[in-house]
1. Out of curiosity, is residue 232 surrounded by fewer than 17 Cβ atoms within 10 Å (Cβ to Cβ) and outside the structural domain of residue 289 (by TED's automatic domain parsing)?
2. Output the number of residues of region 62-87 satisfying the condition of being in contact (Cβ under 8 Å) with a residue 24 or more places away in the chain, within 20 Å of residue 11 (Cα to Cα) and in a loop (DSSP other than H, G, I, E, B).
3. With 247, 193 as the choices, which residue is loosely packed, with under 15 Cβ neighbours inside 10 Å and modelled with pLDDT under 90?
4. Just to be sure before I move on: is residue 320 modelled with pLDDT under 85 and either on the phi > 0 side of the Ramachandran plot or over 18 Å from the mean Cα position of the chain (by Cα) (or both) in the structure I sent?
5. Being within 20 Å of residue 3 (Cα to Cα), touching a helix residue (DSSP H, G or I) at 6+ places or on another chain (Cβ under 9 Å) and at pLDDT 90 or above narrows it down to one residue among 72, 98, 53; which is it?
6. So which residues in region 216-226 are surrounded by fewer than 21 Cβ atoms within 10 Å (Cβ to Cβ) and under 16 Å from residue 115 (Cα atoms), if there are any at all?
7. Do we find a residue being surrounded by fewer than 14 Cβ atoms within 10 Å (Cβ to Cβ) and within 26 Å of residue 255 (Cα to Cα) anywhere in region 137-144?
8. Might you let me know whether region 167-186 holds any residue that is within 25 Å of the chain's Cα centre (by Cα), within 22 Å of residue 244 (Cβ to Cβ) and surrounded by 21 or more Cβ atoms within 10 Å (Cβ to Cβ)?
């Protein structure tokens, strides 16, 4: 990343109301002239020990020692580096940053990326108008209403609709001065089959969900089919200059404030699942962008909060995704817990069928990931035979190896021993030693 001009850094600092910035995460208490105190967001405490100096734009915690200036605050709370902190505050203040001594190639790349982001934002505004203002969008509005989703919240998420016929994105964008290569790079249009020269809008007859980065800049789209026989059900933007599959989380820019405030972030699968959770007051929810969980997304979760609640689908694929999350998060310091939705429903279905109170209750007591792992292995094993028990013990070995000593470890050992009909001490010995030898026929 190119160096930011010092004068721009000063402009960003001067333009930012530090007290208002802190109040997005902490409740301030006046502590004298030009000074406030609040609970430190960087360690657990019950008595405020964080000093905030809005005029000087400095903070210091007398409890844990953390402190610094306004940019350090953003680095710590948003999980970004110094450059990212300046960019976030510049976006907030509406300041266009300059980069001195930037080589022509880098400058051209940044200018192209900026233009593509503007094109994507323009396209999203078109989809939004189609959803809320067009006659054809009525079917999409009815479908969203049928799912019990609040129109105001859908507008906040910038949900839209791609019309069935024609190429309005292609034609409108070219009329606005965008070139074909820009439209292709942004993923707004695509070529015909076999690479023919004809171009057409990538998304048609679909409910559109913008896919944004942590700064809220639209990078691409996820399109959900409106008609039951329309295949595939979901289409995402293809990888390009600004969108990279598996690097980002849906709604992270909306959820990050509450995630930082609570220290928890909820991860679910579908776009409407995320919106349903937000509608129920769980505004720290984010979603996978139509991909299997990736190491980059685990890192993105860690930047949002130290604790992750997994609320993936209850089917086999969802359970496997939870196990994969544990593997990817190993050694990251992330605390993972699991919510199993009642009757195998996803969050959007639970909101529709039982209301927001039921959805909130489902998340009241998340399950420890280790407990989920043990139950998953035992439920999927044949425990009526010695061979089946041996295979279950083999699968349980890495689960218990990752479980730290404590009451939970003891409870899980007793649970597994009871299901396997073994003495807990014998099971402990099996888990700590080599896999039991396969039993042959006598």
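1. Considered against the rule, which asks whether it is surrounded by fewer than 17 Cβ atoms within 10 Å (Cβ to Cβ) and outside the structural domain of residue 289 (by TED's automatic domain parsing), residue 232 comes out as yes.
2. Of the residues in that region, 1 qualify.
3. That would be 193, the only listed residue that is loosely packed, with under 15 Cβ neighbours inside 10 Å and modelled with pLDDT under 90.
4. In short, yes.
5. 72
6. 216, 217
7. Checking region 137-144: not a single residue is surrounded by fewer than 14 Cβ atoms within 10 Å (Cβ to Cβ) and within 26 Å of residue 255 (Cα to Cα).
8. So far as region 167-186 goes, yes, one or more of its residues are within 25 Å of the chain's Cα centre (by Cα), within 22 Å of residue 244 (Cβ to Cβ) and surrounded by 21 or more Cβ atoms within 10 Å (Cβ to Cβ).
The values are calculated or read from the model by the stated rules, or taken from the named source; none is laboratory data. Small disclaimer: the values here were computed from a predicted structure and weren't measured. FYI the Cβ positions are ideal-geometry reconstructions off the backbone, even for glycines, and counts take in every protein chain you see.
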